[in-house]
Each structure stands twice: as C-alpha cells, then as structure tokens.
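The values are calculated or read from the model by the stated rules, or taken from the named source; none is laboratory data. Computed from a prediction, not measured in an experiment: that's the story for all the values here. Using ideal geometry, Cβ is built from the backbone for each residue, glycine included, and neighbour counts are taken over all protein chains shown. Surface areas here come from the heavy atoms of the whole protein model, side chains and all, with no ligands, DNA or RNA. Shrake-Rupley method; radii C 1.70, N 1.55, O 1.52, S 1.80 Å.
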2 protein chains.
Amino acid sequence: MADIKKLEALARLVRYYILLMTTEAQSGHPTSSLSATDVMTDLFFSHLRFDLKDPKNPANDRVIFSKGHASPLVYALYAAAGAISEKQLLTYRQFGSVLEGHPTPRFKYAEVSTGSLGQGLSVGVGMALAITRGPVSRFLPASAHSSKKLDTKSDSKPEELRAGGNPSTTATPRDHDLPFIYVLMGDSEIAEGSVWEAAELASFYKLSNLVAIVDVNRLGQSSETMLGWNLDVYKARFEAFGWKVYEVDGHDMAAIDKVFGMVGGLDGGKPKVILAKTIKGKGVSLWEDKDGWHGKPLPKEEFGRVLKELGAVDQSLRVQIAGPVNSFLPSSALLTPQNYSNFGDPVRESQIKTINNKPLFVGSPSRIATRLALNYKLGEEVATRKAYGEALAQLADQDPRILALDGETSNSTYSELVRGLTPNQYIEMFIAEQNMAGVALGLSKQGFVPFVSTFAAFWTRAFDQIRMSAYSQGNVKYVGSHAGVSIGEDGPSQMGLEDLALFKSVFGSVVFCPSDAVSTAKLTAQAATGEGIYYLRTARPATPVIYSPDENFEVGGSKILRQSKDDKLTLVACGVVVHEALKAYEKLLENGVHIRVVDAYSIKPIDESTLRRCASETENLVVTAEDHYFDGGLGDSVLNVFADGKVRVVKMAVTKMPMSGKPAQLLNYEGIDSEAIVKNVKGILKDLKNPLVK
Amino acid sequence: MADIKKLEALARLVRYYILLMTTEAQSGHPTSSLSATDVMTDLFFSHLRFDLKDPKNPANDRVIFSKGHASPLVYALYAAAGAISEKQLLTYRQFGSVLEGHPTPRFKYAEVSTGSLGQGLSVGVGMALAITRGPVSRFLPASAHSSKKLDTKSDSKPEELRAGGNPSTTATPRDHDLPFIYVLMGDSEIAEGSVWEAAELASFYKLSNLVAIVDVNRLGQSSETMLGWNLDVYKARFEAFGWKVYEVDGHDMAAIDKVFGMVGGLDGGKPKVILAKTIKGKGVSLWEDKDGWHGKPLPKEEFGRVLKELGAVDQSLRVQIAGPVNSFLPSSALLTPQNYSNFGDPVRESQIKTINNKPLFVGSPSRIATRLALNYKLGEEVATRKAYGEALAQLADQDPRILALDGETSNSTYSELVRGLTPNQYIEMFIAEQNMAGVALGLSKQGFVPFVSTFAAFWTRAFDQIRMSAYSQGNVKYVGSHAGVSIGEDGPSQMGLEDLALFKSVFGSVVFCPSDAVSTAKLTAQAATGEGIYYLRTARPATPVIYSPDENFEVGGSKILRQSKDDKLTLVACGVVVHEALKAYEKLLENGVHIRVVDAYSIKPIDESTLRRCASETENLVVTAEDHYFDGGLGDSVLNVFADGKVRVVKMAVTKMPMSGKPAQLLNYEGIDSEAIVKNVKGILKDLKNPLVK
C-alpha cells in the first residue's frame, strides 16, 4: 500500500520546484505543469520501474512527456528523485543548460525531444512494439501475452537515499516482468490526428504494456479545448479505438495511486488510457482554471505569497525511483548479443561487438555491403525501388535489428520482400505516415534500425515527425519511392517532387538519390550501418544497371561516369536523370562534343572535391539535371559547392505544373530528358563562342 | 420514388466506362472504382443538385472524391451525365488529357486535386463551413439550422437529355435549400489521422450539410485494412466523434437510395457518414474481394468476357443531374456583391467588381494597402507577428471574404486581433494543422481568402496538404510565426528552421520574410490581394520599425537599406537578421568599411535585378544571412541569382543543433548576429587583399 501522505508531500515539493525554476527563468509553462503534478508524482514514486544510474537499461519502464511544454514538471520530478540538484533547476531555459524549454535528449532522462504536440504516443507505440510484439515476440517469455502471475521474488527493492533521511516509497508490485511505456499527453494535443493514428495501431497490435495519461485540464493555449472536461466523450473515443479507459480525479492522490495499480497488468491485451480530470495551475489560486495564463511565469513579487498557499514543503525530501522488476528478463526480450545465436548462424556471433551489454552493429559498413548478393548484370533493367527491397531483405536477414515499416505501399516500395523473407522484421503501419515516423523513432530508441518506406510524396505528411526525429537523436532510415515525374500516369499527387528539399532541410541528415540497382543496394547498406537520419530516394521505372557489384558508394561520394581530356562541361545528375545524361552524352559525342557526366548519388553531403575538380577540368561549366522541383534539390546542393563564383552552373529541374502521361513524355515536357540536355548543352557552348555573351 | 431499375442500368453503364477506359489505358484503379460505383451512381442521379453548365454556381452541391485513385469512377459518372463523351474517356491518363490518373482541377468538375489520401474530408469541412457556419452565418436563412420544411416550389426539375431518349431520374425532394457537401472516402484512408481531425471539427461546428461516404471494400493496396468489414467499429468511432452514422449494403441500389434520402435533412445538427459495405472489384468475378489487384487494369484479352458478366449495357443512356434547389438562396448565403451593403460601408460597394455574379477582390492591391492605418513610428519596436495581426484585422474588417484560421496559437500569432475585431471572420481550428490547411483550401474554393496561422515550425505538420493546395489551384495564405532561433528559450521543437525550404518547394508559391512592422503589414495586404499560395514568415521578438508607412512592397521586391559608392560587398538578409545586418553595417562603417545592405523580404520570387545590380556595384561580392537552416532558405535563392559564376556568395545560416537560450545568445551561437557578420565580412575582405587567395 502506497504512502499517500508522503506522495502528497512529494507533490508539494514538485510544485515548489516548478514554481522555483519558472519564476527564476521568468519563462516556461508552470500552469500546464501543475495540472499534471499529482498524477506524475504518483507514477514516478509509486509505480515506475527505472534505473536512474542506467537510463538506457532495456529493463526500464519508459516515460514520454508528449506534452513537452510541461518541462518544469519533468525536471522537478527528477530533482525529487535525487537525479538533479536544486541548483541545477535554477539553470532552467538558460543558454547551455540541459534543462531546455522543451525536453531534448541533451537531458539524459528525456527519451526523445517533445514539444511538437501529438507525437509522443507514436513514440510510445514504437517502444511498446519493440518490447512486446512482432519482430521481437520470439524472444519474449510466454507470460508476456498472458495474465499469468510471474515469480516476483527478484523484484529489486527500492533503496532509501540518505539525503533528507526520508524513507522511500515502495513501488507497487507487478504480476509480470515486462517494461511498461507511459505517455503523458495534454488534452489540447488529443486534437492532433497523429494521436488517433497511434491509438488505432496500438490496439491493432494489442500493446497491453502501453499506458497513456491524458491531463484533461480543460484549457488550451488560447481558449477552452473542444471537449472541455467532457471526459465521457474522450472515453467513448478511446474505447472506440480499442483502448481500455480509466477515469480519475487528477488531484486525488489515493485515487490516482489506485488507478495506476489497475493499469499495471497485462490483462485484456489492450492499451490503456487514464483520463485525469485536472485543474490548470492547480495549487496556485491566481491561476487555477483561469484563461490567459498559458506559458506565463509567476511575477517574481508573487512568489512568496504563492509558496504559502502550497503549504509546508520539505526541500530535503528525496525518494528513489524503484528499479526494474527484473533486469535479466527484459534484456532477453531485446536484441542483445546473446540472442544472435538464436538465428543459427555462427558467423554472426563472431561479428558482434558489445559494450556494457549493449549491441553494436554487426560488422563494418563495407563488410555488410560486401555480404550483399548482387546478381545484377550491367545493362539489365531494374527499378531502384526493387533493388532497395532486395538489398533490405538481405540485410534484415543478416541482422535482426533491421526492420521494415511501410504505410500500406509495401508492394510498390518493395519492402514486401522483407515481409516475405523475414516476416518478423516487417511491421505493417497502414496509411498513417505521421505515426509511422513516430513509431520508427521509438523503435530506434530501443536499439532497432527501422527502414520506413512509402511514396516519396507522402513523406511530406510526416515532416514534423521527421524533423523531431533529428532533434531526438533518432536512428531512422526514411525511404521514398515513386520520386519525380518519371512515375508517369498517376499524376502530381503521387509524384515526390519536394522530397529532396524536405530531407535536406532536416538537421544533420544524409540524403541519397541513386540511379541504378547496384548503387541503391550499396547505399541501403550505408544507411543501415550509419547512425542518424538518412533518406534514400528511389524511382518507379526500371533503369539500366550501370555499376558492377564491386563498386563502392559512400556518404558524400559521387561517380564520374564519362570523362575525357576534351570535356567542355560537367553534367551532374541523379536518379533516373543519370540515364538521360548518359543518352545525352552519346548524342553529343556523335556531334563531336565531349562532356563529363557525374552521378551525384549523395545529395547531402555532396561530393565537393570531385565536383570542384571536374569543373576546373571542364572550363568551369556545370549543368545539373534532376527529377525534382527547381528549389531545394540537387541543383541547389551543387550551387553551394560553387558559391565562390568561379563556375557557371545551369540548373535543369521540374518547373511546369506536372500532369499525367508516360514517363518519357513527362521528362520531355519538363525539359529534363536527354533531348533537353543536348539542346541546353549546345546552347550553352554556342553562347560561349559568342564574344558578346562571354 | 427513385427508379431503381434505371439507376441499376446506369451503374452498369458506369462500370462499363470504368473498364473501358482503364483497359484502354492499361493503367488505373478499376477495382477501387467498381466498389463505389453503385453508391455514387445513386448519389449523382437521384440526390445530387449540381448545375453541369455552371460548376462554380454557389448553389451547387459539391462532391469531393477523397479516394482520388477512383478517378475512372469520377469520369464515368460525368460521362453518364452527358458531360463528357465516350471518346474523351479513351484519353484517360494520356499526356495532355484532362482526365488525369488522379483528379485535378484541370478536369473542370474536380473541386480539388485528390490522390494523397485522407485530405478530402478536411476540404469538405471547409466547404460546409463556408456555407453554414461561422463567418457566413449572418447571411443564412433562419431555416439553415433547423429542420423546418421550406417552400420547395422553386425546385428546378431535371430535364431530359435528347441523347438516347431516356427519361431522366427525378431528384429526391429536399426539405431545405442548403447546398450539401459529399465526400467519398476509401476505408484504407480512414487510418489517416487527418480524417479524425476533420471529423472532430465537423461535429464541433455542427456541420449538418456534410455527408461522408466510406467505401468499406475491406482491401487496401497491399493487404486487408485494420478493420476489414467490421462496420461496427467504424460506426463506434464516427459516433464517438459526434457523427450520425448510417450503414448500408453498398451494392443494394434500393437501400442506397433510401439512405441518401435519410441523410439529406438538416435535423440533428450533426455531420453524417454512410458506411457502405462493398466488394472491391464488384461486377468482375476475376477481381471480386481478391487481394493483389489493386491499381491493376484488366488484361485486354479479358475485356470481352468480362463485359458479358456485366450484363446488358445501354451505351446511349444519359441522365441529367438535377439542378440546384434554389439558385437564389444559396447565392445569398455566399459573399456576393449584394451582401456588401450589409456591412454598412458605401465605399466598399463602389469598389466591387463582379463577373457573372462572382465577386472579385475589392480594390487593387495598392488601394487595399493604402487603406491600412499604419501608425508605426520609425525605431519603435514591434514584432512582425504583431504587425501581421494588426494588418489582417484591418483587412478583414474591409473585406468579409478575408478569414483568419488558427491552430490554437492565436494569442502568439496575433490572429486573435481578427477574432477581436470581426469575430465572424475568425475560425478556431484547434491543434490540428493538417485539417486546418485542408479546411482553408475548401474555404478558398468557396470564394474566401483564408489566412491560416500557426508557429512556422508546425507547418511541417501540414506539408502534404500544402502541396496539394497548390495542385488544387487554391488561394490560401499560410502564415508562420516564431521563425528561427530568435524565438529563444522554447528550444528547437518550436523553432521554424525548415519553413522557407518547405514553402519554396511548393509549386507556384510566393514566399515573404519581412523584417519590420510596416513591410509585414504591406506584404499581408499583398498576400490578400494576390491569387494563389502565399507564405508569410513572422518572428517572435520585437524589432525596430525601419520603413515609413508610404513605402511599397511587392512580390519579387527588395529594399536597399544602406549604400554608397564605396561599398565593398552586398549583405543580403531577411527577417530579424536584417537588424543584425544594420548593426554590422554601423560597426563596419566605424572601421571605414562600406557595405551595401539589402532587405530581401521576397524570398520567392527573389529580386534578381536589384541583387545583380548591387553585386556588380560591390565588386561581385555577396554575403547572405538568415535565421533558417543552411539548406533551402534565402541563401539558396540568392545563389540561384548568381549561378552564372560571376559573383562570390558567402552564406550565413543556422548550422549547429539549436537549443534554449536568449535570442541574442542563440543568434550569436549560430553565427548569424552582427558580431558574426562583422567578423565574416572582415575575413572575406582581408582574403581578397591576399593575392594568394584571390
């Protein structure tokens, strides 16, 4: 039985910290933090199982603060747990402090960056999937999906901390040994459709260790939410989406403690949501349930008066968070090195490198790449999207951490080949790209290497989640098929023409646009072995294989496909347009015009040194050609290389409103086919001979 | 009573056309079209009120084919209505044909472009809002929100077409005179969160003239949907979201006709959804309820056999769609010139220009602009976001077509000033940016000029809807506040650092990034009066007013802020960084270094001629500085101007992982403040003096 009085004392301490740090910073969201204080205090100190000394321990429960603006609450809770000092709290929102305005992984207990609302539940789905379902289910104890009571003798008993000399709260026992994922959401963010994408998938995959908490404080930033305190409607919605719903007075500690006890089991095979009816600004009469105080700190002169309202606060109170239920079982549920032998391939075991029981990637990038069986023959016509699927299936077969996720387009993106070869490593995400991106982030945070694919055009749907995955230091590989007008008859809605602009603008991203099957396969391996946010662009039509299987392809690399001493300019292309460039080369050669042709398969980073050398050897003339809109693609990357003003760059890209038609017709219409290139090159070279132009 | 036999004959004709055009094209989605054929045939020929001769008639009902891949069904229906010929159908998906793979407004009966799934319902919400609620409610007859039976004497009786000599179907009478909005969705797309964003808002605003139809054919592109034929779950979800739900066998014409009759009233004040249980590929035994046929045409050799299955098809059958119930009332519900006098300002009436009863914008751009009361004093500190709100409130007060929509951030973006001055012209959209963008498109298609605002960062959430609004020839003005690291303490999740890249990549867009209150106000007026997709970027911090109220600001313009004959380089900046540039100018001047300073407030199109002239007058040296990531922003626009290789461009932009801190600290950290500019300029000029470098 939890010590309710003590939890209430802890909540007062947490409220004190919230007020202290936001009043000091004169910035932040105290009212949104105070409404969720009681609920989260009970969770942290009566139910959570988390090893503060090892935040990455796979046996830990996870807490995602989807309502990231409640960051004062986050830091206050960890301060009450003794993980950060009161002095540190005073650095809140200051330049250089890890206690940022919205949590980021610079604060080591933040699982991901939050603050763009409605994304946390997707991350939670990803983390819960990593533990209980699909790809890792083979590792799970039989009990994971049942309500069978397990031996709980190995429960790590929470220790008391010396500071303050207070006894710690004892965590409520569990009837199972599976880590739980808790996601705190605000009620305003429930309006985001991505929440319902996550909700529908969580129930579809029966994620019974996922618990959402909705802080229903009624008030949004500027006005009341659509539903106010109408908990019945929230309940009906979550129930209709397949969740088990619990309602609670979010300021009644005993009731809160009871409800967290109820959601802690695995019965029912349903995800659970706690609807907490709360008061925004709870504890501060000036603020309670009042509009107009969102994101506003207490005036400094009010601080003393408000503290009196809070009641006695024991600033020395510290309570340890209970440790994981069983540090062995959960690690067996994740992909630790010991589990590799399950796959029956002794070669793999020998390649494994581990540090502190955490698996590193198997082999070096080049080893992985060379282990791809590439049976493509030069000149054979293979779509790059197909080569992607064939490579990923092989990689997934070699490394169980590699997953394929797809938004109901697996038979177009060819991620279906993973589903065929290693079905446990394929997760169908249905048509909900925002959630797909968020789930991928959650999976990556649990040690997986998710490749997520859909049409390039539809990644625009998840741009917010993609940028947040970069801020979350995620390890996600985005793949966009059907790029450009070369898809043909389906028309503009299906054409990825902004995708390079999108992914280039993502912080720290790597962007690939390969032109043939071999380079696509090799770059898929590069993405698998590299850390961080990668984007691989593939195309719909079959194009000739132009590389032999022993060629290497690197981040920041390129290939010179045609060159001579007589080259008059350098033609830089990527993707399907490389083949137009090669055709243009032949036609120009027939006319005695020599040009250099470069395949710039790495768009970001771009191969600066090769491009500079080529330009200097070809009279400082460069033409770029790509199946992407004029702004933000290959051409702009090349322009940046030559910003020093010594090279003339002519960009060829999609500039007219695209429409349906055959791929060749559309490449011609947009002026990016071989004919347009030949015409353009001839025009440029003719101009040069004209002294008036030069 | 509808003639069911005749409707069934029409459905056979529609199926025939679907097969004809996709078999001829050997491309397209016949199976997804066939499942919805019976439902849509009944809607078109027994319930719809639409004037084929005047598709833009405001009294028309509207049909949005959200499942855009069912384009063969779209064209087949209009062919059966006599609007397009059988010969035209054979151009389906061919280059140049208006019958594109997914419908676009190149086909004059397509309200918007569809094909990126889950967006149509938002457009429908916008169109229904335009007619029944909020801003236009003052124009509505009292009956619009009641179930009172109106005089239906003025019903336009459908006429028979001569072709084929068949009698036309008589449209079911209505008990009101309000245009209805019908949205056909596939079951797969219901997984998109944007559908639920639209659903929650539709019930919140009680859009009783909105009818969604879900074609529940069980099969997605690659596999079964999450819910299959489990209509009970769909029902529970829509009911929980506040909709009235009707279920029907989607191939029982009598039942379908009955259900459309039931949804046609305004009782209940709820939006309505028809869940049609259907069979994918219905009518073709080879395809019926079979996986693996999504998006695949019939092999040509199968055509004859399959036609026999269909039964007798009367190729000469043509039935006219019934005309609008009352062509006067609905036009009074829209913003026709006659209604301007309601606003009590005779000046406005005199400015109105109309063609065929359709309102044009009031006055010329410059007239609107000069009618802004700009009381800003030079040097006064005003945030551009605030100037935006102040300008928009004035513009909205002058023209009732101007609306402000906001995603629960109106007190940050300052769109709250519209809510304050003309509350009928403000629509709260809550935290659901995708739906907000879709609704804005729908409103713009009904003649409104919606300004939609949220934090610049959160427009990434709606990128897919934004690009589709361009393909839909929408007239939407997107506004993003809190751009850049200059927002300060809130941290990276709230910083718009990819927004210029996003909006520049949108087809045909105009992108503004003003630096002070005057330019922001004037550019807001430019966006209001210009046609198409505009983006206006505003900033959080207050910055000095640098322009007098009589300055003009144009699409594609810029301002030279500092210049002399001795300028050594041109510094091009936008937004808050303009003020850093001006400070840098002063510091450099103190050191005897003259530079030119340009405010490039129009990022797309960029002011090529001014920039070229400045560069040529400043030794072909240009520095760009912006509060945006390195890729896709102002710097890249400037690089494109100087692609001819005669000018050296040095870009300064955000390149380090942003974090919390004070605005000045962050500008400094990222190297885009005046100090960094001074250092950079001095370094460049020093290099130039070094003969080894030059």
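Brief remarks follow.
- Residues considered: B:219, B:286, B:266. Of these, the only one that is open to solvent by less than 20 Å² (accessible area, probe 1.4 Å) and away from chain A (no Cβ under 14 Å) is B:266.
- Taken as a whole, the structure places residue B:638 among residues that are touching a strand residue (DSSP E or B) at 6+ places or on another chain (Cβ under 7 Å) and either of a type in the set (A, V, I, L, M, F, W, C) or in contact (Cβ under 8 Å) with a residue 12 or more places away in the chain (or both).
- Condition check for residue A:499: crowded, with 24+ Cβ neighbours inside 10 Å and either within 14 Å of another protein chain (Cβ to nearest Cβ) or out of contact with any helix residue (DSSP H, G or I) (no Cβ under 8 Å at 6 or more places or on another chain) (or both): yes
- Across region A:427-443, the qualifying residues are those that are free of Cβ contacts under 8 Å to residues at least 40 places away in the same chain and open to solvent by 10 Å² or more (accessible area, probe 1.4 Å), and the one among them that is farthest from the other protein chains (Cβ to nearest Cβ) is A:428.
- Here residue A:274 fulfils each of the conditions (1) within 14 Å of chain B (Cβ to nearest Cβ); (2) β-branched (Val, Ile, Thr); (3) closer than 17 Å to residue A:210 by Cα apart from (1).
- Residue ranges of helices (runs of 4 or more DSSP H) in region B:374-469 with at least 2 members farther than 25 Å from residue A:66 by Cβ: B:384-398, B:416-421, B:433-445
- Subset of region A:394-411 (residues that are within 29 Å of residue B:117 (Cα to Cα) and surrounded by fewer than 24 Cβ atoms within 10 Å (Cβ to Cβ)): A:409, A:411
- Filter result for residue B:599 (at negative phi and open to solvent by 10 Å² or more (accessible area, probe 1.4 Å)): no
- Taking the listed residues A:671, A:632, A:683, A:661, the one that is assigned to a loop (DSSP other than H, G, I, E, B) and free of Cβ contacts under 8 Å to residues at least 40 places away in the same chain is A:671, with no other qualifying.
- The single condition from (1) within 14 Å of chain B (Cβ to nearest Cβ); (2) open to solvent by 10 Å² or more (accessible area, probe 1.4 Å); (3) not hydrophobic (A, V, I, L, M, F, W, C) that residue A:565 fails is (1).
- Selection from region B:395-417 of residues that are of a type outside the set (Ser, Thr, Tyr), over 16 Å from residue B:475 (Cα atoms) and at pLDDT 95 or above: B:406, B:407, B:408, B:411, B:416, B:417
- Residue ID - nearest to the chain's Cα centre (by Cα), chosen from residues in region A:537-562 that are without any contact (Cβ under 8 Å) to a residue 40 or more places away in the chain and open to solvent by 40 Å² or more (accessible area, probe 1.4 Å): A:551
- Exclusive hit being away from chain A (no Cβ under 12 Å) and assigned to a helix (DSSP H, G or I), set B:493, B:486: B:486
- The listed residues are B:638, B:622, and the only one of them that is buried (at least 21 other Cβ atoms within 10 Å of the Cβ), within 14 Å of chain A (Cβ to nearest Cβ) and more than 13 Å from residue B:500 (Cβ to Cβ) turns out to be B:622.
- Of all the residues in region A:50-78, those that are out of contact with any strand residue (DSSP E or B) (no Cβ under 9 Å at 6 or more places or on another chain) and either farther than 27 Å from residue A:188 by Cα or β-branched (Val, Ile, Thr) (or both) number 6.
- Qualifying residue in region A:573-596 (condition: open to solvent by less than 30 Å² (accessible area, probe 1.4 Å), within 12 Å of another protein chain (Cβ to nearest Cβ) and in a strand (DSSP E or B)): no
- Residues (assigned to a loop (DSSP other than H, G, I, E, B) and among the acidic types (Asp, Glu)) located in region B:600-627: B:607, B:619
- Residue count, region A:502-545 (criterion: farther than 17 Å from residue A:462 by Cβ, within 14 Å of chain B (Cβ to nearest Cβ) and in contact with a Lys or Arg (Cβ under 9 Å, 6 or more places away or on another chain)): 2
- Annotation note: Cβ proximity below 7 Å between a residue of region B:222-243 that is within 9 Å of chain A (Cβ to nearest Cβ) and a residue that is open to solvent by 40 Å² or more (accessible area, probe 1.4 Å) and among the aromatic types (Phe, Trp, Tyr) (sequence gap 6+ or interchain) occurs for B:226/A:204.
- Top-ranked residue of region B:415-425 - restricted to ones that are in contact with a Leu (Cβ under 8 Å, 6 or more places away or on another chain) and within 18 Å of residue B:480 (Cβ to Cβ), ranked as surrounded by the fewest Cβ atoms within 10 Å (Cβ to Cβ): B:417
- The residues of region B:201-216 that are within 11 Å of chain A (Cβ to nearest Cβ) and open to solvent by 10 Å² or more (accessible area, probe 1.4 Å), listed by number, are B:203, B:204, B:205.
- Selection within region A:471-496 - open to solvent by less than 10 Å² (accessible area, probe 1.4 Å), of a type outside the set (D, E, K, R) and closer than 22 Å to residue A:402 by Cβ: A:472, A:474, A:476, A:478, A:479, A:480, A:481
- Residues of region A:644-694 that are small (Gly, Ala, Ser) and crowded, with 21+ Cβ neighbours inside 10 Å: A:653, A:660, A:661, A:674.
- Boolean, residue B:53 is without any contact (Cβ under 8 Å) to a residue 12 or more places away in the chain and closer than 23 Å to residue B:97 by Cβ: yes
- Pick from region A:457-472, criterion of a type outside the set (A, V, I, L, M, F, W, C) and within 9 Å of another protein chain (Cβ to nearest Cβ), ranking: nearest to residue A:628 (Cα to Cα): A:460
- Of all residues in region B:641-683 being β-branched (Val, Ile, Thr) and within 11 Å of chain A (Cβ to nearest Cβ), the one that is nearest to residue B:495 (Cα to Cα): B:654
- Selection of region A:269-283 for residues being surrounded by 17 or more Cβ atoms within 10 Å (Cβ to Cβ) and not hydrophobic (A, V, I, L, M, F, W, C) yields A:270, A:271, A:272, A:277, A:278, A:280, A:281, A:282, A:283.
- Single residue of A:66, A:116 found to be of a type outside the set (A, V, I, L, M, F, W, C), within 22 Å of residue A:462 (Cβ to Cβ) and in contact with an Asp or Glu (Cβ under 6 Å, 6 or more places away or on another chain): A:116
- Total residues in region A:641-658, condition touching a residue at least 24 places away in the same chain (Cβ under 8 Å) and over 36 Å from the mean Cα position of the chain (by Cα): 3
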